[in-house]
Amino acid sequence: MLIVIYLLLILLSLVLWIWLTRRIWRVSPAAAGASFFLLLPAIYWSWKLWNDPAARIRVPAIANVVITVILLVMSYRIGDTAVQDFLQKTAAQQTQQAAPQTDMNDWCRDKYGTSFDRNRGACVEKKPPAPQ
């Protein structure tokens, strides 16, 4: 669900970015073209046209900043969730791998009176102490 909301916000961000570049277009079409593809010209023209009544750039600029901050927070949250899921799956796999070896030790002891050697993956007899 978080990824779906993230994708919808990216689409909203694109609409807001187009809105910002259309406002820059009123002053300079070349600057609008550069601003659509690059961030730095958009920041420069937003700063330069901030008080220009013809451009009316304040609302689209603030909207773009807000949506960008929301997207950055969501990106962090999605990444954190993915890492936590990976760590939980890894821990579960390690637990599942360790459990059969404990069961194998019990099985070897009950069936043969031996112990389970993890290195060999087999039941081994207990070595009697060497005579002196």
message: Being within 18 Å of residue 16 (Cβ to Cβ) and among the polar types (S, T, N, Q) is the requirement here; does residue 64 meet it?
response: yes
- request: Scan the range 1-30 for residues that are hydroxyl-bearing (Ser, Thr, Tyr) and at pLDDT below 95 and jot them down.
  value: 6, 28
task: Kindly provide the set of residues from the range 114-124 that are at pLDDT 85 or above and in a loop (DSSP other than H, G, I, E, B), ordered by number.
output: 114
- request: Write out, first by first residue and then by second, each pair whose Cβ atoms fall under 6 Å of each other, whose residues are 6+ apart or on separate chains, and whose first residue, in the range 96-121, is open to solvent by 100 Å² or more (accessible area, probe 1.4 Å) while the second is at pLDDT below 85.
  value: 118/101
- prompt: Considering only residues of the range 36-46 that are under 30 Å from the mean Cα position of the chain (by Cα) and hydrophobic (A, V, I, L, M, F, W, C), which is least open to solvent (accessible area, probe 1.4 Å)?
  reply: 42
message: Six or more apart or on different chains, Cβ atoms under 7 Å: show the pairs whose first residue is in the range 19-38 and at negative phi and whose second is assigned to a helix (DSSP H, G or I) and β-branched (Val, Ile, Thr).
response: 31/24; 32/21; 32/24; 35/21; 35/24; 36/21
field: Residue among 12, 49 that alone is surrounded by 13 or more Cβ atoms within 10 Å (Cβ to Cβ) and touching a Lys or Arg at 6+ places or on another chain (Cβ under 9 Å)
entry: 49
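The values are calculated or read from the model by the stated rules, or taken from the named source; none is laboratory data. What you see is a predicted model; the values in this text were computed from it and never measured. Positions of Cβ are backbone-derived with ideal geometry, glycine not excepted, and every protein chain shown enters the neighbour counts. The accessibility values were calculated without ligands, DNA or RNA, using every heavy atom of the protein model including side chains. Shrake-Rupley method; radii C 1.70, N 1.55, O 1.52, S 1.80 Å.
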